[in-house]
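The values are calculated or read from the model by the stated rules, or taken from the named source; none is laboratory data. The structure displayed is predicted, hence computed values, not measured ones. A quick note on method: Cβ atoms are made from the backbone with ideal geometry, for glycine too, and the neighbour counts reach across all protein chains shown. Accessible surface areas use protein heavy atoms only, side chains included; no ligands, DNA or RNA. Shrake-Rupley method; radii C 1.70, N 1.55, O 1.52, S 1.80 Å.
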Amino acid sequence: STDAEGTNEKIEIIGGGFGGGPQQMPHCAPTYAAVLSLCIIASIGCGQEDTMNKSHNPYHEAGKLAMELLNEKRLPMYAFFLTLREHEDGERIAFRMHHDGEIDVRATYCILTPCHLLGLLDKEEEKNHLLSPSIARYIASCQTFEGGFGAEPFNEAHGGYTFCALAALRILGLVSMINVEMLRSWLVRRQLEFEGGFCGRTNKLVDGCYSFWQGGAIAVLDGWYNENDAACEKVGAADDEGLSFDEVMLQRYILLCAQDVNGGLRDKPSKPKDFYHSCYNLSGLSVSQHALSSSWPPTSSDTGEDDKNLNRLFGDSSFNILARTDPVLNIRTDRARHAAKQF
């Protein structure tokens, strides 16, 4: 590289993460998306039980390349994440989204998720900087008087940040550090009675993407309650099974209102379809269709493919049931299990 004075001295740039495109700076959000995408490709290409049939798998070469890239990047990525740490008040650790970027709970989630998938959160290690209780203390400080979480302390509670905060705490195993009753109360009240979908903040309109940000957060919290044998009154469910919101109403909103007749999904009717809303509407639909797992991460016997182990359904179940997504990671459970076996 060339410096400002025209010399040819090399300038060291700390990398390790993924950018949004070629020649772009490493950033937590595209790094999170890239690792999940590579795990999906690796599982499709290399996740065959019968290794003798690999030559017949048209995606084997792509899966092999994805796995090689993950192995190559996992440790430099860990080093990159550590450079984003910011110490708050000496007792809390937050993360920036990129160098000189904003500090918020998205960064914490976007760091912990790929590290979990790539086996970088080994709790048996004597010193793992990404398992510090100071990280959980910062997340807990972002919980508002309403019960949800803001991007940083003293911000308004917001569905996207609430999911990131709760899922990060679930990965760390420290959900108990927050006020879970206030959180549950705020989450279930974000489902709108008439539309059936979720809004992102108090007194806001329905938006299809919050089908996952809010619906997924409820699934994460319900799973934690079940795992810890906590008394959990079902809110919005007609029986003792399922999630603490009305799964049928959410499915109805996604399938009838958020779905575009020409393909793709959207925020709400009158809004254009896009990839972002397509992703998170479908993720929310998967969460609302599949019954809770009593443990996280799911056990090896929990395939998520048993049609009998489903929540209440809306519409024709012969063609609208999706594969099961992990509500913490938002990747299919079988893809997450494959990554766990590799790392």
Could you tally the net charge around Asp260, taking each other residue with its Cβ under 13 Å from the Cβ of Asp260, Lys/Arg +1 and Asp/Glu -1?
+2
What relative contact order, as a whole-number percentage, does region 71-211 give when Cα pairs under 8 Å and 6 or more residues apart are counted?
17 percent
Output the peptides 25-32, 162-169, 103-110 sorted from most to least packed, where packing is the average of other Cβ atoms within 10 Å over each peptide's residues.
162-169, 103-110, 25-32
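Could you rank the peptides 269-278, 79-88 by their average count of other C-beta atoms within 10 Å per residue, with the highest value first?
Numbers: 269-278: 13.5, 79-88: 16.4.
Answer by packing, highest mean first, reads 79-88, 269-278.
Could you tell me the relative contact order of region 180-233? Use alpha-carbon pairs under 8 Å, at least six residues apart, and round to a whole percent.
On the way: 44 pairs, mean separation 13.7, N = 54.
Value for region 180-233: 25 percent.
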State which entries of Lys73/Lys341; Lys73/Lys127; Lys64/Lys268 exceed 29 angstrom in Cα-Cα distance in the structure shown.
Lys64/Lys268
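Near Glu102, within a Cβ-to-Cβ distance under 15 Å, what is the net charge of the other residues, with Lys and Arg +1 and Asp and Glu -1? Walk me through the numbers before you get to the answer.
Working: positive: Arg85, Arg96, Arg106; negative: Glu86, Glu88, Asp100, Asp104, Glu152.
Counting the neighbours of Glu102, the net charge comes to -2.
Considering only protein heavy atoms, what per residue accessible area in square angstrom results for region 61-116 with a 1.4 angstrom probe?
Details: 2460 Å² over 56 residues.
Heavy-atom accessible area per residue stands at 44 Å².
Sort the following peptides by mean Cβ neighbour count (other Cβ atoms within 10 Å, averaged over residues), highest first: 201-213, 331-343. Please list the in-between numbers first.
Values: 201-213: 21.0, 331-343: 19.3.
Ranking the peptides 201-213, 331-343 by packing returns 201-213, 331-343.
Could you please state how large a percent of the accessible area of region 132-272 is carbon and sulfur, counting protein chains only and using a 1.4 Å probe? Working shown, then result.
Numbers: 2940 of 5820 Å².
Summing carbon and sulfur atoms, their accessible area is 51 percent of the total for region 132-272.
What FRET efficiency would be calculated for the residue pair Tyr59, Phe319, taking the C-beta separation as r and a Förster radius of 22 Å, to the nearest 0.05? Provide the component values of the computation, followed by the final result.
Working: r = 24 Å, r/R0 = 1.10.
Between Tyr59 and Phe319 the formula returns 0.35.
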Taking 0.36 nm per residue of separation and subtracting the Cα-Cα distance, what length does fully extending Glu88 through Asn71 add?
2.9 nm
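Set the Förster distance to 25 Å, then compute FRET efficiency between Tyr276 and Leu192 from the Cβ-Cβ distance, nearest 0.05.
Efficiency, rounded to the nearest 0.05: 0.75.
Can you tell me the length gained on complete extension of the stretch Glu152 to Ala29, counting 0.36 nm per residue apart and subtracting the Cα distance?
Length gained between Glu152 and Ala29: 42.6 nm.
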